[in-house]
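Data first, discussion second: the structure below is written as structure tokens.
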Amino acid sequence: MLTELLQGADAGGFVIIQDSIRCSGRHLLKSFINAALNREEAVHVLGFEVDEEELKDGLKGSAIDRVHFHNAYTDPLGWTDHPAFTVHQFCLEELTHLVKQSSHSRPATLVIDSLSWILRHHSPIVVCKTLHQLRKGGAVRAIIALLHADMHQKGTEGSVCHLATSVITIAPGMNGDQAVAKITKRSKSGKVMQDEEIFNINKDFTVTVQSKLGPKNTPTEEKELDPTANLTFNLRLSDTERKAKEKLALPFVFSKEKKTALLHSGPGSGRILYEPDSNDDYDQEDPDDDLDV
Amino acid sequence: MAAPMSGVGKPSVTSFQKKTRSKLISIAGTRPSVQNGQLLVSTGVTSLDYLLGGGLAVGTVLLIEDRYDSYSRMIFKYFLAEGVVCRHELFVAAAQDNPDDILQELPAPILDDIAIHKPAEQPRLSSEPQESLDAMKIAWRYQNLPKVQSALASSCRFGHYYDVSKTMEPEIRQAAKFHRFYVPEHPTQSSSTHSTMPESYSALLKSLQEVIHREGFDLAAPMSNSRNILRIGLHSLGSALWGDDLCCHDNPKNGHSLTTFLYGLRALLRSSLSVAVVTVPSHLIQDRALMGSITRLCDNAIALESFKGSERETNPLYKDYHGLLYVRQIPHLNCLASKLPDHKDLAFKLKRKQFTIERLHLPPDLSETVSRVSRGELSGAAAVASACGSGTSGNKHLDF
């Protein structure tokens with residue numbers, strides 16, 4: 001599923017890459033930028049956390065012109081007189097204006113590095129509203145954001161991820177250069193798909209997916225221990241013995257007619273006919289007559 | 001017993017009135033409850049109607065909690081589709097999706113009345129003994145006994161079935177009257193610290209009140225022959241897009257805005273002929289006490305837990321179902337106690353033509369190596385169960 005997300009098939013998508021201090025997600029973010037550049041799209045990066053050279057490091061080629069880096073690293077809060085991009089400009093009108101003026105006809109992808117920075121200076125409600133409006137607005141085709149999961153309260157992180165169409169959570173993998181990605185994708189019809197993959201990122205920022213773990217590690221099936229083995233007596237049946245066993249009539253197996261008769265017993269089928277025998281003491285008189293009560 | 005009643009501008013009239021004509025309103029798509037005479041509407045899902053005691057009572061709220069909003073959205077659409085088919089009026093409010101888009105996705109009703117609902121739960125008729133006798137070799141005396149009924153259904157059908165793979169035809173959809181409230185269309189001022197509720201909630205309440213009054217759903221309006229029911233659907237209340245920080249912060253500033261809104265909503269519903277279905281992303285609300293008070297304020301409350309993405313998806317016990325359903329609350333309206341469902345372990349599955357809710361049966365555990373998950377472990381720590389199962393499964397068949 002990671003490769004499908006990188007290919008970015010659906011418009012209006014909002015991908016969140018959740019990382020933590022143990023494993024950074026910036027390399028995966030650069031892979032997404034790389035993939036968008038290969039698709040001939042214009043990429044607008046709001047850089048709050050790293051500066052331009054560090055972000056563009058490794059992304060080579062002529063496609064680099066299509067990356068528009070909005071420098072929010074040097075002066076994000078507008079303390080100097082001429083800030084390049086401040087965090088207060090994170091609202092619908094400013095962002096739409098920014099995107100429209102730079103990319104002329106190509107679909108634009110907005111990359112936010114990182115959303116955690118913005119969430120520290122704006123309330124989550126405002127951030128959610130802006131992101132929602134951006135998605136519906138149509139100025140940007142897709143939004144990819146980096147979110148540091150350990151910086152926020154669970155509710156804030158949950159609310160922002162609730163808006164996203166796909167959430168990729170990164171954890172460190174077994175080897176040094178491998179990482180585990182847990183992906184939750186929500187399609188338009190409301191269907192939710194989950195996946196877990198091990199991947200590593202090559203030098204040119206393409207992603208190789210090593211293997212797919214299932215949504216759950218199923219415990220390996222133990223070989224069924226055959227209880228009839230290793231015994232001093234024989235529990236198995238040979239073919240002739242099995243045939244003889246099936247031929248044996250069970251004690252309470254009745255014929256079909258008798259079964260139907262028993263199942264649907266009609267009225268009056270339980271009559272008892274009694275013929276007094278010579279041995280029976282059948283006396284008409286009441287035997288209790290001579291009792292003196 | 002007659003009590004004298006002093007009416008304004010009337011001579012003293014006793015409260016004893018002769019029964020001149022029946023006071024029961026008969027509205028299409030509703031029926032009185034067999035338990036307490038309340039007017040009921042169908043939720044669109046027959047099994048859910050059975051769980052709620054025959055249907056959703058007019059004037060009450062149904063709360064649906066769901067983590068990923070996939071199945072609760074399905075029930076939401078069933079509810080609205082049922083309203084269209086019964087010719088009720090609809091009011092949809094949403095913050096994330098446009099209400100028009102939600103209405104485009106309604107499932108198509110299956111209009112031929114022949115039950116797709118196969119009579120599998122009826123006892124096998126004894127008019128066909130031949131084939132049935134061959135079925136059981138040893139236990140043939142039990143053949144004519146009825147099978148265990150695991151699907152919840154009552155004998156009389158109330159509500160319609162829908163085909164999820166098709167959407168409702170535009171002609172049927174446009175026949176229904178539809179009111180909408182889309183939060184981005186009602187811009188709020190940023191400085192609203194003086195109100196107890198975010199602006200979107202108060203705007204929604206005002207809009208609801210206005211619709212109820214204008215279209216004549218008020219109970220105070222004179223009873224006429226053509227009354228109708230208003231079905232209200234509120235999608236994803238409490239999420240950040242409504243302007244409420246209930247889900248965002250652990251200690252929300254306006255912690256009681258949603259509860260105040262629900263209180264106002266219930267007051268509106270009780271005095272009008274309307275029903276509401278509300279979905280709330282409860283997994284985002286960190287304060288469990290607040291979630292408890294939200295549940296209390298809604299009359300009916302159910303929670304859906306889908307198996308997608310949890311360890312339970314591959315558990316062989318759950319392979320037939322899509323998730324578990326918990327009934328959190330059933331109201332007792334005008335009576336002392338409500339009829340809770342007998343079975344607490346319920347599971348649901350969404351088939352193309354039906355959303356069924358069934359009692360969860362544990363199948364007989366015949367294999368030695370299947371890890372024996374007890375009832376306590378099913379609901380709670382699944383991780384512990386899997387650890388126990390995989391670790392000691394080698395010795396399992398030797399335990400006594």
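The values are calculated or read from the model by the stated rules, or taken from the named source; none is laboratory data. Remember, predicted model here, so these are calculated numbers, not experimental data. A quick note on method: Cβ atoms are made from the backbone with ideal geometry, for glycine too, and the neighbour counts reach across all protein chains shown.
Any residue in the stretch A:263-290 that's away from every other protein chain (no Cβ under 14 Å): show its pairings with residues that are modelled with pLDDT of 70 or more and in a loop (DSSP other than H, G, I, E, B) at Cβ separation under 6 Å, as long as the two are six or more apart or on different chains.
Correct list of pairs: A:Tyr282/A:Pro276.
Restricting to the stretch B:244-255, name every residue that is touching a residue at least 40 places away in the same chain (Cβ under 8 Å) and surrounded by fewer than 22 Cβ atoms within 10 Å (Cβ to Cβ).
If the condition is that a residue be touching a residue at least 40 places away in the same chain (Cβ under 8 Å) and surrounded by fewer than 22 Cβ atoms within 10 Å (Cβ to Cβ), then B:Asn254 is the only one that fits.
Given the criterion away from chain A (no Cβ under 14 Å), at pLDDT below 85 and farther than 20 Å from B:Val92 by Cβ, identify the matching residue among B:Ser132, B:Ser155, B:Ser126, B:Ser192. Walk me through how you get there before you give the answer.
Working: B:Ser132 fails: away from chain A (no Cβ under 14 Å); B:Ser126 fails: away from chain A (no Cβ under 14 Å); B:Ser192 fails: away from chain A (no Cβ under 14 Å).
Exactly one residue qualifies, and that residue is B:Ser155.
Tally the residues that are within 17 Å of A:Gly13 (Cα to Cα) and within 14 Å of chain B (Cβ to nearest Cβ), restricting the search to the stretch A:105-137.
12
Do you know which of the residues in the stretch B:342-365 that are more than 23 Å from A:Arg186 (Cβ to Cβ), surrounded by 16 or more Cβ atoms within 10 Å (Cβ to Cβ) and of a type outside the set (A, V, I, L, M) is farthest from the other protein chains (Cβ to nearest Cβ)?
Here is the first cut: in the stretch B:342-365, the residues more than 23 Å from A:Arg186 (Cβ to Cβ) are B:342-346, B:353-354, B:356-365.
Next cut, surrounded by 16 or more Cβ atoms within 10 Å (Cβ to Cβ) only: B:346, B:354, B:356-360.
When the remaining residues are screened for being of a type outside the set (A, V, I, L, M), the result is B:354, B:356, B:358-359.
Working: B:Gln354: 18, B:Thr356: 18, B:Glu358: 22, B:Arg359: 25 Å.
Across the stretch B:342-365, the extreme among qualifying residues is B:Arg359.
Across the stretch B:203-241, which residue is nearest to the other protein chains (Cβ to nearest Cβ) among those that are under 18 Å from B:Asp100 (Cα atoms) and more than 23 Å from the chain's Cα centre (by Cα)?
Here is the first cut: in the stretch B:203-241, the ones under 18 Å from B:Asp100 (Cα atoms) are B:204, B:207-208, B:211, B:230-237, B:241.
Narrowing further to those that are more than 23 Å from the chain's Cα centre (by Cα): B:207, B:211, B:241.
Numbers: B:Ser207: 20, B:Val211: 25, B:Leu241: 6 Å.
Per the stated criteria, the residue is B:Leu241.
Go through (1) at pLDDT 85 or above; (2) more than 13 Å from chain A (Cβ to nearest Cβ) for B:Pro119 and report which single condition fails.
All conditions pass for B:Pro119, except number (1).
Among all residue pairs at least 6 apart or on different chains, which show Cβ distances below 6 Å where the first residue, located in the stretch B:69-91, is within 14 Å of chain A (Cβ to nearest Cβ) and the second is assigned to a loop (DSSP other than H, G, I, E, B) and not aliphatic (A, V, I, L, M)?
B:Ser70/A:Gly190; B:Arg73/A:Gly190; B:Tyr78/B:Gly44
So, in the stretch A:177-195, of the ones that are over 8 Å from the mean Cα position of the chain (by Cα) and surrounded by 15 or more Cβ atoms within 10 Å (Cβ to Cβ), which residue ends up nearest to the other protein chains (Cβ to nearest Cβ)? Break it down into steps so the answer makes sense when it comes.
Going residue by residue through the stretch A:177-195, those that are over 8 Å from the mean Cα position of the chain (by Cα) are A:177-181, A:186-191.
After this cut, where a residue has to be surrounded by 15 or more Cβ atoms within 10 Å (Cβ to Cβ) as well, the list is A:178-181, A:186, A:190.
Numbers: A:Gln178: 22, A:Ala179: 19, A:Val180: 15, A:Ala181: 14, A:Arg186: 7, A:Gly190: 4 Å.
Among those that are over 8 Å from the mean Cα position of the chain (by Cα) and surrounded by 15 or more Cβ atoms within 10 Å (Cβ to Cβ), it is A:Gly190.
For the stretch A:36-53, give me each residue that is without any contact (Cβ under 8 Å) to a residue 40 or more places away in the chain and more than 20 Å from A:Ile118 (Cα to Cα). Spell out how you get there, then give the answer.
Pass one, the stretch A:36-53, residues without any contact (Cβ under 8 Å) to a residue 40 or more places away in the chain: A:37-39, A:51-53.
Within the stretch A:36-53, A:Leu37, A:Asn38, A:Arg39, A:Glu53 meet the criteria.
Can you confirm whether A:Lys129 is among the basic types (Lys, Arg) and in a helix (DSSP H, G or I)? Can you show your working first?
Details: among the basic types (Lys, Arg): yes; in a helix (DSSP H, G or I): yes.
The answer is yes for A:Lys129.
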